[in-house]
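Student: Pasting a structure below so you can have a look.
The values are calculated or read from the model by the stated rules, or taken from the named source; none is laboratory data. As the structure is a computational prediction, the values presented were derived from the model and not from experiment. Note: ideal-geometry Cβ built from the backbone for every residue, glycine included; neighbour counts use all protein chains shown. Side chains are part of the model used for accessible areas, which takes the heavy atoms of the whole protein and leaves out ligands, DNA and RNA. Shrake-Rupley method; radii C 1.70, N 1.55, O 1.52, S 1.80 Å.
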Amino acid sequence: MTDKNLSSVEKIKLASDGLRGTIEESLQNEITGAISEDDQALIKFHGMYQQDDRDRREERAEKRLERLYSFMIRLRLTGGFLTPEQWIATHEIAGENSTGVIKITTRQTVQLHGIIKSHIRPTIQAFNEAKLHSIATCGDINRNVLCSSHPKQSPLHEKVFAFADKIAEMLMPKTRAYYEIWLDEEKIADKKDEEDPLYKDAYLPRKFKIGVVIPPNNDIDVLANDIGLIAIIENNRIKGYNIAVGGGLSTTHGNPETYARLATVIGFADSEEKALKAVYEIVTIQRDFGNRSDRKLARLKYTFDRMGEEQFLRELEARTGFSLEKPRPYQFTSRADYYGWEQNEAGLWYYTVFVENGRVLDDEKIAMKTALLEVAKTGKANFRFTCNQNVIISDIKPKDKKEIQKILDKFGITQHTEKSSVIRKNAMACVALNTCPLALAEAQRYMPTLLSKIEPLLLKHGLEEEPIIMRMTGCPNGCARSYAAEIGFVGTAYGKYNMHLQGDHEGTRLNKIYKENLDEAAILTEMDHLLATFKQERKKGEHFGDFSLRKGFVV
Ligand code: SRM
Ligand code: SF4
């Protein structure tokens, strides 16, 4: 490809001197709360986004003030794991430098919002003291690696978790830019020391996502990833991993060339070593064959479809030096968090807390943030985040369970988790307004209200125990994986949503647009009608998504 055809982000990466750009200068510029446009592309590789408070845009414009700029920082936490000390540090850093809200994301990590420019370095430094960092959690590079969250999922959970960690380590970038810019490490003398055989100078054409799942619970929505690894466990031994390629959910309204896609299972690797090699080489294929001129068509899903499965496999085989075996059978039967208390094979206890849309804060309803801090202060539980934006209070010894239970009861966490409706506990919404620059409509600020209006409809039709998976995003990028929901709402304009139906319960079939641009009244009318039909005509045990497909609601 000639330089002329490269997208502007490609040129910025190439000229960035190992992702350094002019970030240092941008930070020192006190005239603005923003950083230069090129640096905005580069800091993503350091795990941050420049944003502004969209609620205050008009007011600021009227006063001829620049937008109220701040930054969001996203941590790298493979499999979503934090020690109690790290939770305490995150709690304190959030209070000192951000809005105070700790946001659990749909990819098993946490984000802090509202960090002003001069607070970025102190934030990163404080995280570093807690042995936490945000390297490569955004940008055209491999992101946070997901792993099935709950240790009760398998006695081999720790091993699978360690495998996910190996993938994450293998795909880390080599540049020392993060350490120099944010942590005052001395500038690297010989650039050869940070040569990156994997990412080279231009990194990947687009973001890259990997997840490892332990069937039968598809709790991480494994097929939504560029690479999904499905652990094949027989007789308590990990036999290897099925490898799925080309997942990705985003579409662009009005651009028919873009589409959501679930990953295709292309084969089975019969050892961890082979699976790691295959993952590495799939990344190099995307590096070498991915579209670097049109970012809308640059994800691996488009590369895979352009090449075709056969050519892709041939290329992979040539690079790895071995063939993948035929995929092994597996089955997903659910896609859920195990709320409340559960014990794993080793006898340790786990409490999954329902955190609505992943927002950990103290509000008039519940002091979630204080409660979790109290739990952390005991030093007797770890924290594990789920891809459904919840937290599992983890690894509690039987003798400590009572103490943790007492804290959960005292702050109403147990009651909140038990009493929240089934539909609410299965729902997710993305961040959207007021921080997401791409939001066309509300999501996490509106979903709770919408659910309060849908709950009475479920009661009316006697469906309040039905575990329907409903998700909402403020735009078609799909951050709360709305295209993989049984009922998906995708924002089109303020107060308007496309409604999607026919996704399955387990995350193996995407939904399709059922009705466009619905406002709240129209959504509730549709829901009333759909639930009534479901109640009357469903087969025994049939999930809502399968029912809506059988009825052919989407024509
Ligand atoms: Fe996302 C961009 C939030 C998971 C697809 N996503 C964004 C940005 C950074 C907006 C931006 O580019 O400036 C959002 C920041 C909002 C804010 O204020 O915090 C944002 N995405 C999120 C999170 C926080 C949603 C949440 O409420 O939890 C999730 C963070 C995950 C993480 O910890 O890394 C999040 N994003 C996802 C997912 C779900 C997943 O990966 O399982 C998807 C769909 C799967 C996929 O990648 O296809 C997703 N986000 C996107 C896209 C579309 C990518 C594409 O292929 O075109 C964008 C826009 C882009 O990259 O240009 C985007
Ligand atoms: Fe923002 Fe759209 Fe992602 Fe929601 S789906 S967080 S609105 S980019």
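Student: Which of the residue pairs 274/326; 152/239; 460/539; 13/274; 207/277 have a Cα-Cα distance greater than 26 Å in the structure shown?
Tutor: Going by Cα-Cα distance, 13/274 fall outside the 26 Å limit.
Student: Then there's this: Which value in nm describes the separation of the simple spin-label points at residue 60 and residue 239, placed 7 Å from the Cα toward the beta carbon?
Tutor: Going from the residue 60 label point to the residue 239 one covers 5.6 nm.
Student: Also: So which helices of the chain fit the span-like rule, where a helix is a whole DSSP H run, its Cα atoms reach 24 Å or more along the axis, and its mean Kyte-Doolittle is at least -1.0?
Tutor: Counting only whole DSSP H runs, the qualifying helices are 272-289, 520-537.
Student: Taking 0.36 nm per residue of sequence separation and subtracting the Cα-Cα distance, how much length would be gained by fully extending the chain between residue 4 and residue 191, in nm to one decimal?
Tutor: 64.6 nm
Student: Starting from 0.36 nm per residue, how many nanometres of slack lie between residue 494 and residue 322 once their C-alpha separation is accounted for? Please list the in-between numbers first.
Tutor: Numbers: separation 172, 0.36 × 172 = 61.92 nm, distance 5.13 nm.
Additional length available on full extension: 56.8 nm.
Student: Would you please give the FRET efficiency between residue 307 and residue 528, computed as 1/(1 + (r/R0)^6) with r the Cβ-Cβ distance and R0 = 56 Å, to the nearest 0.05?
Tutor: Plugging the Cβ-Cβ distance into 1/(1 + (r/R0)^6) gives 0.75.
Student: Quick one: which residues, 5+ away or cross-chain, put their amide H under 5 Å from the amide H of residue 354? H built at 1.01 Å from N.
Tutor: Long-range HN contacts for residue 354: 417.
Student: What dipole magnitude, in Debye to the nearest 20, does the chain give about its Cα centre under +1 on Lys/Arg Cβ and -1 on Asp/Glu Cβ?
Tutor: 900 debye
Student: Moving on. From the residues 484, 530, 472, which one has its Cα farthest along the dipole of the range 455-555 in the positive direction, the dipole being from +1 and -1 charges on Cβ of Lys/Arg and Asp/Glu about the Cα centre?
Tutor: Sorting the options by dipole projection puts first 484.
Student: Would you mind getting the accessible area per residue of the range 165-302, heavy atoms of the protein chains only, 1.4 Å probe, in Å²?
Tutor: In whole numbers, the range 165-302 has 38 Å² accessible per residue.
Student: Give me the number: length gained by fully extending residue 131 to residue 419, i.e. 0.36 nm times residue separation minus the C-alpha to C-alpha distance, one decimal in nm. Please list the in-between numbers first.
Tutor: Details: separation 288, 0.36 × 288 = 103.68 nm, distance 3.62 nm.
In short, 100.1 nm is gained.
Student: Can you list the residues of the range 160-193 with backbone N under 18 Å from a point 7 Å past the Cα of residue 25, pointing along Cα to Cβ?
Tutor: Under 18 Å, as judged by backbone N against the label point of residue 25, lie 181-182 of the range 160-193.
Student: Here is a further query. With a 1.4 Å probe and every protein chain kept in, tell me what percent of the accessible surface of the chain is carbon plus sulfur.
Tutor: Numbers: 11140 of 22920 Å².
Solvent-exposed carbon and sulfur of the chain make up 49 percent of the total.
Student: Once R0 is set to 45 Å, what does the formula 1/(1 + (r/R0)^6) return for the Cβ-Cβ distance between residue 169 and residue 536, expressed as a FRET efficiency to the nearest 0.05?
Tutor: Details: r = 53 Å, r/R0 = 1.19.
Using R0 = 45 Å, I get an efficiency of 0.25.
Student: Mind checking the dipole of the range 34-116: about its Cα centre, +1 per Lys or Arg Cβ, -1 per Asp or Glu Cβ, Debye to the nearest 20? Please list the in-between numbers first.
Tutor: On the way: 12 positive and 13 negative charges, 52 e Å.
For the range 34-116, the charge dipole is close to 260 debye.
Student: Grab the other residues whose beta carbon is less than 14 angstrom from that of residue 150, score K and R as +1, D and E as -1, and report the net.
Tutor: Combined, the nearby Lys, Arg, Asp and Glu give -3.
Student: Per the chain: cysteines with no other Cys C-beta under 4.7 angstrom?
Tutor: If one checks each Cβ against the other cysteines of the chain, 138, 147, 387, 436, 475 turn up with nothing under 4.7 Å.
Student: Taking only C-alpha pairs under 8 Å that are 6+ residues apart, what is the relative contact order of the chain in percent? Let's see the in-between values first.
Tutor: On the way: 1205 pairs, mean separation 68.8, N = 555.
Answer for the chain is 12 percent.
Student: Using helices alone, what [θ] at 222 nm do you get for the chain, with -39,500 (n - 2.57) per DSSP H run of 4 or more residues, divided over all residues and rounded to the nearest 500? Could the numbers behind the result be given before it?
Tutor: On the way: 18 runs with 181 residues, N = 555.
Taking each H run of at least 4 residues, the total per residue is -9500 deg cm²/dmol.
Student: Taking H placed 1.01 Å from N in the peptide plane, check which residues at least 5 places from residue 293 or on another chain put their amide H under 5 Å from its amide H.
Tutor: Hits under the 5 Å cutoff: 7.
Student: Taking the mean number of other Cβ atoms within 10 Å as a proxy for protection, how do you rank 48-58, 317-327 from highest to lowest?
Tutor: Going from most to least packed, we get 48-58, 317-327.
Student: Still on this model: Round to the nearest 0.05 the FRET efficiency obtained for residue 399 and residue 314 when R0 = 51 Å and r is the Cβ-Cβ distance.
Tutor: 0.35
Student: Quick one: grab the alpha carbon gyration tensor of the range 227-368, order the square roots of its eigenvalues as a ≥ b ≥ c, and give me rounded if a/c is under 1.5, else prolate or oblate depending on whether a/b is larger than b/c.
Tutor: Here the range 227-368 falls in the oblate category.
Student: Going highest first, how would you order 396-402, 144-150 by mean Cβ packing within 10 Å?
Tutor: Order by mean packing, descending: 144-150, 396-402.
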